[in-house]
Amino acid sequence: MVGKNSSLRDLLRLPQGPVDLTSFDSGAAPGYPGKGKDDAPARSEMIGEKLSELQERLYANGRENPDFPRVLVILQGMDTSGKGGVIRHAIGMVDPQGIDLKAFKQPTEEERKHHFLWRIKKALPGPGMIGIFDRSQYEDVLVVRVEDLVPQEEWEKRYDQINKFEADLAGSGVKIIKCFLHVGHEEQKGRLLERLQNPEKYWKYNPGDVDARKKWGDYREAYEVLLEQCNTDEAPWYVVPADRKWYRNWAVAQLLLETLEEMDLSWPAADFDVAKEIERVNKS
């Protein structure tokens, strides 16, 4: 349970050290304070009300102060783990004008000419914004490893480069929330079949997902290594069970809420004489 003296961040934070994803239950619902799926919409709505106000405070301060902190939510996970669902149902509860969303696909020809972090840096959120990365810099130690796209000596160096990059971000005032959406092997199969059995979901289906599924063990191992190597105090990983969509969405929203609450956000003070402006408006 998430109570007054505990947080979901404490419950879901990945301990430092070797990682074995088979030891994490992808169908669990740690910290959920309600009964389950039936009351999840109501509890998510309660979170949404709090999130909305805190996000507006964050956004308002960013407009006034170019050096104000910003938040970056990184969503990683196997195909069908629900990155899009989280964006719609959790992040979708706040004002879109305060959101910077970037979905990272295969690098373009131009992006390949630069360092792998070049396109990541270009997409970072501005002051007072909440940035959402649908996939991220971690594709460059994940897909490139499993699919043998770059030499091993190249991708092995990237763990340290990512850690330094994230430490610099944290030092500059970026609050980083890294969520690994942990979906089970059988659950993924069911979701792929669901897309094939419903014409309204054909657009979600990618035949390449089955090719990646055949390499499930290789991808799991690659994830275990990156989760271990890039799990720092400045930017820890949170393992979010993703088999239950209602829990996954609630959990990411709760992680964001706890982060914003910790920032102790207030409304920006007026930079004008309020009483005088009231008088001017009354006379207008």
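List, largest first, the extents of the alpha carbons of segment 228-284 along their principal axes, each in whole Å.
Cα spread of segment 228-284 along its principal axes, largest to smallest: 62, 28, 13 Å.
Out of residues 5 or more away from L14 or on other chains, whose amide H comes under 5 Å of its own, with H placed 1.01 Å from N in the peptide plane?
Hits under the 5 Å cutoff: W237, Y238, V239.
Give me the Debye-computed log₁₀ of I(q)/I(0) at q = 0.14, 0.17 Å⁻¹ for the chain, equal point scatterers on Cα only, no solvent, two decimals.
-1.07, -1.55
Could you tell me the relative contact order of the chain? Use alpha-carbon pairs under 8 Å, at least six residues apart, and round to a whole percent.
34 percent
Please report the Cα spread of segment 125-167 along all three principal axes, rounded to whole Å, starting with the longest.
Extents along the principal axes: 38, 20, 9 Å.
Could you run the Karplus curve 6.51 cos²θ - 1.76 cosθ + 1.60 with θ = phi - 60° over segment 17-28 and give me ³J(HN,Hα) per residue in whole Hz, x for Gly and Pro?
Coupling constants for segment 17-28: x, x, 10, 10, 5, 5, 8, 9, 7, 6, x, 7 Hz.
Using a 1.4 Å probe on the protein heavy atoms, what percent of the accessible area of segment 122-167 belongs to carbon and sulfur? Kindly include the intermediate steps, with their values, before the conclusion.
Values: 920 of 1940 Å².
Using a 1.4 Å probe with all protein chains present, segment 122-167 comes out at 47 percent carbon and sulfur.
Going by the alpha-carbon gyration tensor, a ≥ b ≥ c the square roots of its eigenvalues, is segment 1-61 rounded (a/c under 1.5) or, if a/c is not under 1.5, prolate (a/b greater than b/c) versus oblate? Before the final figure, lay out the partial values.
On the way: a/c = 2.46, a/b = 1.45, b/c = 1.69.
It comes out oblate by the Cα gyration axes.
Please compute the volume of the convex hull spanned by the alpha-carbon atoms of segment 53-126 and report it per residue in Å³.
Here the figure is 113 Å³ per residue.
How large is ³J(HN,Hα) for each residue in segment 131-139, as worked out from phi by the Karplus curve 6.51 cos²θ - 1.76 cosθ + 1.60 (θ = phi - 60°), to whole Hz, x for Gly and Pro?
Result, ordered by residue: x, 10, 9, 8, 6, 6, 4, 6, 4 Hz.
Could you run the Karplus curve 6.51 cos²θ - 1.76 cosθ + 1.60 with θ = phi - 60° over segment 167-178 and give me ³J(HN,Hα) per residue in whole Hz, x for Gly and Pro?
Result, rounded to whole Hz: 5, 5, 4, 4, x, 8, x, 8, 8, 9, 10, 9.
Under the rule of -39500 (n - 2.57) per DSSP H run of 4 or more residues, summed and divided by the residues of the chain, what mean residue ellipticity at 222 nm is obtained, to the nearest 500 deg cm²/dmol?
So the helix-based figure for the chain works out to -13500 deg cm²/dmol.
What's the Kirkwood radius of segment 72-112 in Å, using all Cα pairs?
Answer for segment 72-112: a Kirkwood hydrodynamic radius of 12.0 Å.
Rounded, prolate or oblate: which fits segment 1-157, taking a ≥ b ≥ c as square roots of the Cα gyration tensor eigenvalues, rounded meaning a/c under 1.5, else prolate when a/b beats b/c?
Oblate is the answer for segment 1-157, as a/c is 1.5 or above yet b/c matches or exceeds a/b.
When DSSP beta bridges are limited to those with both residues in the chain, what percentage is antiparallel, rounded to the nearest 5?
The antiparallel fraction comes to roughly 5 percent.
Near the amide H of G77, under 5 Å away, which other amide H atoms are found, from residues 5 or more places off or on another chain, if H is placed in the peptide plane?
L181
Name the most mobile residue of K178, K50, K122, meaning the one with the largest mean-square fluctuation, in a Gaussian network model of the chain with Cα contacts below 10 Å.
K122
Helix 274-283 against the longest principal axis of the chain: what's the angle in degrees, Cα atoms only, rounded to the nearest 10?
Result, in degrees: 70.
Which of F272, F104, F116 ends up with the largest GNM mean-square fluctuation for the chain, with Cα atoms connected below 10 Å?
With Cα springs under 10 Å in the chain, the top fluctuation among F272, F104, F116 is at F272.
Could you quote the convex hull projected area for segment 136-284, Cα atoms only and averaged over all directions, in nm²?
So the mean shadow area of the Cα hull is 15.1 nm².
Express in whole angstrom the spacing between the alpha-carbon centres of segment 114-184 and segment 219-234.
Between the Cα centres of segment 114-184 and segment 219-234 lies a distance of 12 Å.
For segment 136-271, with every protein chain kept in place, what is the accessible area per residue (1.4 Å probe, Å²)?
47 Å²
Assuming a ≥ b ≥ c are the square roots of the Cα gyration tensor eigenvalues, decide whether segment 99-207 counts as rounded (a/c under 1.5), prolate (otherwise, with a/b larger than b/c) or oblate.
prolate
Please tell me which of these pairs span more than 25 angstrom C-alpha to C-alpha: K122/K215; K35/K245; K105/K157?
Too far apart for the 25 Å limit: K122/K215.
The values are calculated or read from the model by the stated rules, or taken from the named source; none is laboratory data. Quick caveat, the model's predicted, so the values are computed rather than measured. Please note that ligands, DNA and RNA were not included when accessible areas were found on the heavy atoms of the full protein model with its side chains. Shrake-Rupley method; radii C 1.70, N 1.55, O 1.52, S 1.80 Å.
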